[in-house]
1. Tally up the residues in segment 137-158 that are over 23 Å from residue 170 (Cβ atoms) and charged (D, E, K, R), please.
2. Restricting attention to segment 49-66, and to residues there that are closer than 22 Å to residue 80 by Cβ and not basic (Lys, Arg), which single residue is most open to solvent (accessible area, probe 1.4 Å)?
3. Quick test for you: out of 124, 88, pick the one residue that is open to solvent by 50 Å² or more (accessible area, probe 1.4 Å) and farther than 29 Å from residue 10 by Cβ.
4. Assess whether residue 78 counts as being open to solvent by 60 Å² or more (accessible area, probe 1.4 Å) and under 19 Å from residue 4 (Cβ atoms).
5. Name the residues in segment 131-148 that are open to solvent by less than 70 Å² (accessible area, probe 1.4 Å) and in contact with a strand residue (DSSP E or B) (Cβ under 8 Å, 6 or more places away or on another chain), would you?
6. Can you say whether residue 46 is touching a Leu at 6+ places or on another chain (Cβ under 6 Å) and crowded, with 19+ Cβ neighbours inside 10 Å, as far as the supplied structure shows?
7. Exactly one condition in (1) closer than 21 Å to residue 91 by Cβ; (2) within 27 Å of the chain's Cα centre (by Cα) is not met by residue 4; state its number.
8. Need pairs with beta-carbon distance below 8 Å; first residue on the phi > 0 side of the Ramachandran plot and within segment 89-101, second at pLDDT 95 or above and not polar (S, T, N, Q); sequence gap 6+ or separate chains.
Amino acid sequence: VPYCWAGAVDGYLDEIKIDIGYNTPGSAGPTGRAASQLSIQTCTDITSDPGMEQWRKKAVAREYRSSAAIPLLEKGRLAAVLTVYSDQTGFFSEDELRLLTEIQADISLALDALSAEESRAAAQASLEHTAAQLAHVMDVTPVILFTLKPVPSGEIVTDWVSGNAAAITG
């Protein structure tokens, strides 16, 4: 499903259907292939590429002549596919493919970083919730918790005592 776009679209994406991971006409273009193979795919000539038959008429009407599809990965799994078009046949040369590979790596790294931050924030929120629950239990339960630790002299000393000890013992 198209998520966002820019440039000369003129309704091209309104009814577009691309199958991902299936061996159907809807998966034969660069975007479907990029999604299923997780590698950059190109179409050097939309007017003659058999994989573009389903979209050719609308693409050519908008002067699209070649395209490249870049799979964007998050934690090694497909997150999206960025598809770019050119009005020139054969536009995506080795130089452009190197640039697209760098873009792919940069965006995938950013997606991984965002995902890691979301995971960290979720873990922090869970920890704070658990701490609040434990604090509540300690406030309403007449139990004193403590930990002990050995010291170099061989004695065992109190390391920590729950905050409710003074209220319980006076």
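The values are calculated or read from the model by the stated rules, or taken from the named source; none is laboratory data. If you're wondering where the values come from, they're calculated on a predicted model, not measured in any experiment. Backbone-built Cβ (ideal geometry, glycine too); neighbour counts: all protein chains shown. Remember, those area values only see protein heavy atoms, side chains included, never the ligands or the DNA or RNA. Shrake-Rupley method; radii C 1.70, N 1.55, O 1.52, S 1.80 Å.
1. Residues flagged as over 23 Å from residue 170 (Cβ atoms) and charged (D, E, K, R) within segment 137-158 amount to 2.
2. Looking at the filtered set, the residue picked out is 54.
3. Numbers: 88 fails: farther than 29 Å from residue 10 by Cβ.
Selected residue: 124, the only one of 124, 88 that is open to solvent by 50 Å² or more (accessible area, probe 1.4 Å) and farther than 29 Å from residue 10 by Cβ.
4. When the stated conditions are applied, residue 78 passes them.
5. If the condition is that a residue be open to solvent by less than 70 Å² (accessible area, probe 1.4 Å) and in contact with a strand residue (DSSP E or B) (Cβ under 8 Å, 6 or more places away or on another chain), then 144, 147 are the ones that fit.
6. The answer is no for residue 46.
7. With respect to (1) closer than 21 Å to residue 91 by Cβ; (2) within 27 Å of the chain's Cα centre (by Cα), residue 4 is out only on (1).
8. 90/45
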